[in-house]
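What follows is one structure encoded as structure tokens, with my remarks underneath.
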Amino acid sequence: MISQSQIESLVRKRNYALPDDMVKMLSILLMDDINNKNYNFSSYKREVFTQQKKKRVIYCYKKLSCEDILCQYLKKQLDSICKIKYSSRNKIINILFNILPTVKDMNDFVIIRADFKSFFDSVLTQHVYNKYICNSMMKRSDKELLEQYVNTFKYCYAGLCLSNGMTEIICQDFDEHIKATLFNYGLFFYERYVDDILLITNKYISKKSFLELMKITINDVFGNSPVELSMKQGKFSFISKRDLITNKTESFSFLGYEFELKETIDKIINFRYGITEKKQRKYKGIIEKAIAQYSKDNNLELLRQRIKIYSSRVVVGRTIGSSNYDWLTKGVVANYNELQYHVDALIPSTDVFMKSVFFNLLKNHGKPVPYFLKNSMAEESIYNIFSNMKRNRSIIFQEKIGVSKGTLIKWIKKLKPDYSENGKDYYRIVADYLNVIKIGEHHS
């Protein structure tokens, strides 16, 4: 069963900003609740979020509650015992960008992008437990605890950390099955990130044959779970070299990137790259909230600092223990890092978005172009996404190599003159800064 030191480690990872004495005190209280079985996996919250007119249901426990910590503990045990390897989005995209130039010179190829429909609401927890965990080397006490959890949730619902672990266990089995199934079709690229799949073969396979093979494989792996592929536009794409003979231009999206294939008159296939319209709308929505607030309060300094952050690759270094760091990266430049090597082959809508999004949104709100943006189109500028993408410019929040503590405090006090840094370490001040400039905050 879970130990006091394990609880302390989990508490610190759940909230890096907590002082050591608070971590100790909270861990003692949690240990006492666990020993006395003062927890209830049915005490979850079910929240509905609307994102771009689409409703998403998320399940969660109160952060640092006994149930939250127990789930974090069980997930860690599953990760170790089942040897779960979580995919890296950046690594997948880097491999894909390196492979695509070789695809266009192949005699034949098929690119298939697939996605599971309502995936987290489709995978049965009991099926995963019975097939992969029940006979594993997991400790009996942990299995009994996990059984209580499984009896609470029929499916691996989104938002729960154990859902990530349990779905990954079964999906890794699915990966092996589908690789073996498509081996004879010359499968040379296969990557899956959660429920998003992209595969490329160097032999032709028809759409009908592929879907039949996928259905058989899904049934073999997921059993009675109602898992199926989504056939919605944007969720499923089937592109073959033969299609380009008639269509000339094809496109597919994967992990927020848009890829466009076009055959020239000379039968040469060229690629163009970009950010999907969906992700562009997401970022525009965030930026527009900042400009809408500026329209009301005319706080130019707040807008300036926000646009500087939005335009850059933001890196935050968080201490784990005494010497290790957990690096977090945020922003358009960070999430679409590979585009810096293809700035001359951007899809037009992405090119316009990165160069002009701030100007267009200011115009929509009837606001004049601020002084700091006036030359950002004509020269390299920290207030231009395209410029920072090309230069891979970063704002690093790490005390030894990044923005200094003194500079950080100056940035905050320009927005909040009465701010006090007394008794706060560097990371706590970083957290305060990001909170001060976040969207939706009202400042005096």
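Points to keep in mind about this one:
- Sulfur and carbon atoms: percent of accessible area, the chain [1.4 Å]: 48 percent
- Cα lying deepest toward the dipole's positive end in the chain, options Val221, His177, Ile401, charges on Cβ: Ile401
- Proximal aspartates and glutamates to Lys367, defined as alpha-carbon separation beneath 13 angstrom and excluding residues fewer than eight positions away on the same chain: Glu288, Asp297
- Region 170-226 and region 37-103 have Cα centres spaced 22 Å apart.
- Cα gyration tensor category, rounded, prolate or oblate, for region 115-207 with a/c compared to 1.5: prolate
- Cα gyration tensor shape for region 1-142, rounded if a/c is under 1.5, else prolate or oblate: prolate
- The residue list Gly186, Leu162, Leu145 was ranked by how far each Cα lies along the charge dipole of region 93-190 toward its positive end, using unit charges on Cβ atoms, and Leu145 comes out on top.
- Listed pairs Lys75/Lys400; Lys117/Lys308; Lys91/Lys262; Lys62/Lys424 exceeding 31 Å between Cα atoms: Lys75/Lys400; Lys117/Lys308
- Accessible area (Å², per residue) of the chain, counting only protein heavy atoms and a probe of 1.4 Å: 51 Å²
- Estimated FRET transfer efficiency (Thr102, Ala378; beta-carbon r; R0 56 Å; 0.05): 0.90
The values are calculated or read from the model by the stated rules, or taken from the named source; none is laboratory data. Keep in mind it's a predicted model, so treat the numbers as computed, not measured. Methodologically, a virtual Cβ is constructed for each residue, glycine included, from the backbone with ideal geometry; neighbour enumeration extends over all protein chains shown. Side chains are part of the model used for accessible areas, which takes the heavy atoms of the whole protein and leaves out ligands, DNA and RNA. Shrake-Rupley method; radii C 1.70, N 1.55, O 1.52, S 1.80 Å.
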